[in-house]
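Trainee: I'd like to ask some things about the structure below.
The values are calculated or read from the model by the stated rules, or taken from the named source; none is laboratory data. On a predicted model such as this, the values are computed, not experimentally measured, just so you know. Cβ sites come from the backbone with ideal geometry, for glycine too, and all protein chains shown count toward neighbours. Keep in mind that these areas ignore ligands, DNA and RNA; they rest on the heavy atoms of the full protein, side chains included. Shrake-Rupley method; radii C 1.70, N 1.55, O 1.52, S 1.80 Å.
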Amino acid sequence: MDSIDWPGIIRLQGPLVWKTAYRLVGNAEDANDCFQETFADAVRQSQRQVVENWPRFLVQIATRRAIDLLRQRESRQRRQDAWAEQAIRDQAGHDPSTQAADRDLVEHLREQLADLPEQHALIFSLRYFQEWSDNEIAEHLGLKSGNVRVLLHRIRERLRQRLTEDDSNSKLRTNP
C-alpha cells in the first residue's frame with residue numbers, strides 16, 4: 001500500500017472540508033467536529049480503497065458527517081445560526097420580523113434535510129450547497145444524470161411541501 005501524505009492532504013484539502021461542513025451545520029464548533037470525523041473516516045476508508053479524487057472523496061464524507069450531526073442535534077437547543085445571519089446581512093434593510101422569518105426558514109430547511117433519506121440529503125447538499133452539476137453528482141454516485149435531475153425535482157418538491165406544511169402549522173399555533 002502506498003504511503004499517504006496526510007499532513008499534505010489536510011493542508012491542501014482541509015479548508016474545503018471545513019467549508020463543506022460549515023455550510024451545512026452553520027457553526028464553527030460543529031464544523032470542527034465534522035472536520036475531525038471526516039479525516040478519521042478518510043483514514044479508515046483509504047486503507048480499504050484507492051482514492052483517485054481527494055477533494056470529491058473528502059467532500060462526500062464531510063457532507064455525510066454533517067448530515068449525521070444535523071440529525072443528532074435536532075433535540076438540542078437551537079443555536080445562533082451563522083448561515084442564516086449571513087443571509088440576513090445579505091438582505092440588509094429587511095425589517096426584524098422578516099429577518100426572524102428568514103432564520104426560521106433556514107432552520108426548518110435544515111431540519112427537513114436531516115429527515116431525508118441519506119442519498120437524497122447528499123444529492124441535495126452536493127447540488128445546492130456545494131454547487132456541483134447534475135453530471136458531477138451522477139458520476140460521483142454512479143447514477144445517470146437524468147436520474148439525478150428527477151431525484152432533485154422530487155427532493156425539492158418534498159422539501160417545498162414540508163416547509164409549506166410547517167408554515168401552515170405555525171400559523172395555526174399563533175392564530176387560534
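Trainee: Does any residue of the stretch 20-35 turn out to be touching a residue at least 12 places away in the same chain (Cβ under 8 Å), touching a Cys at 6+ places or on another chain (Cβ under 9 Å), assigned to a helix (DSSP H, G or I) and open to solvent by 70 Å² or more (accessible area, probe 1.4 Å)?
Mentor: There is no residue in the stretch 20-35 that is touching a residue at least 12 places away in the same chain (Cβ under 8 Å), touching a Cys at 6+ places or on another chain (Cβ under 9 Å), assigned to a helix (DSSP H, G or I) and open to solvent by 70 Å² or more (accessible area, probe 1.4 Å).
Trainee: How do the pairs read when you match residues in the stretch 55-71 that are at pLDDT below 90 and of a type outside the set (Val, Ile, Thr) with residues anywhere that are part of a helix (DSSP H, G or I) and open to solvent by 30 Å² or more (accessible area, probe 1.4 Å), using Cβ under 7 Å and keeping only pairs 6 or more apart or on different chains?
Mentor: So the pair list comes out as Leu69/Asp33.
Trainee: Show the residue pairs that are 6+ apart or on different chains and have beta-carbon atoms under 9 Å apart, the first residue being within the stretch 95-118 and closer than 15 Å to Phe129 by Cα, the second being of a type in the set (S, T, N, Q) and modelled with pLDDT of 75 or more.
Mentor: That search, which allows pairs on different chains as well, returns Leu113/Ser125; Ala114/Gln72.
Trainee: List the pairs whose first member sits in the stretch 135-147 and is in contact (Cβ under 8 Å) with a residue 12 or more places away in the chain and of a type outside the set (Val, Ile, Thr), whose second member is open to solvent by 50 Å² or more (accessible area, probe 1.4 Å) and not in a helix (DSSP H, G or I), and whose Cβ atoms are under 9 Å apart, counting only residues at least 6 apart or on separate chains?
Mentor: What qualifies is His140/Asn53.
Trainee: Suppose we filter the stretch 115-146 for residues that are open to solvent by less than 80 Å² (accessible area, probe 1.4 Å), more than 20 Å from Val17 (Cβ to Cβ) and outside any loop (DSSP other than H, G, I, E, B); how many remain?
Mentor: Matching residues across the stretch 115-146 total 6.
Trainee: Output the number of residues of the stretch 10-19 satisfying the condition of being open to solvent by 20 Å² or more (accessible area, probe 1.4 Å) and either in contact with an Asp or Glu (Cβ under 8 Å, 6 or more places away or on another chain) or within 19 Å of Gln130 (Cβ to Cβ) (or both). Full working, then the answer.
Mentor: Pass one, the stretch 10-19, residues open to solvent by 20 Å² or more (accessible area, probe 1.4 Å): 10-13, 15-16, 18-19.
Those still in the list that are either in contact with an Asp or Glu (Cβ under 8 Å, 6 or more places away or on another chain) or within 19 Å of Gln130 (Cβ to Cβ) (or both) too: 12-13, 15-16, 18-19.
Adding up the residues that qualify gives 6.
Trainee: Name, by its number, the condition in (1) modelled with pLDDT of 95 or more; (2) open to solvent by 60 Å² or more (accessible area, probe 1.4 Å) that does not hold for Pro96.
Mentor: Only one criterion in (1) modelled with pLDDT of 95 or more; (2) open to solvent by 60 Å² or more (accessible area, probe 1.4 Å) is unmet by Pro96, namely (1).
Trainee: Within the stretch 43-56, take every residue that is in contact with a helix residue (DSSP H, G or I) (Cβ under 7 Å, 6 or more places away or on another chain) and either outside any helix (DSSP H, G or I) or closer than 29 Å to Glu107 by Cα (or both) and give me the one that is least open to solvent (accessible area, probe 1.4 Å).
Mentor: Within the stretch 43-56, the match that is least open to solvent (accessible area, probe 1.4 Å) is Val51.
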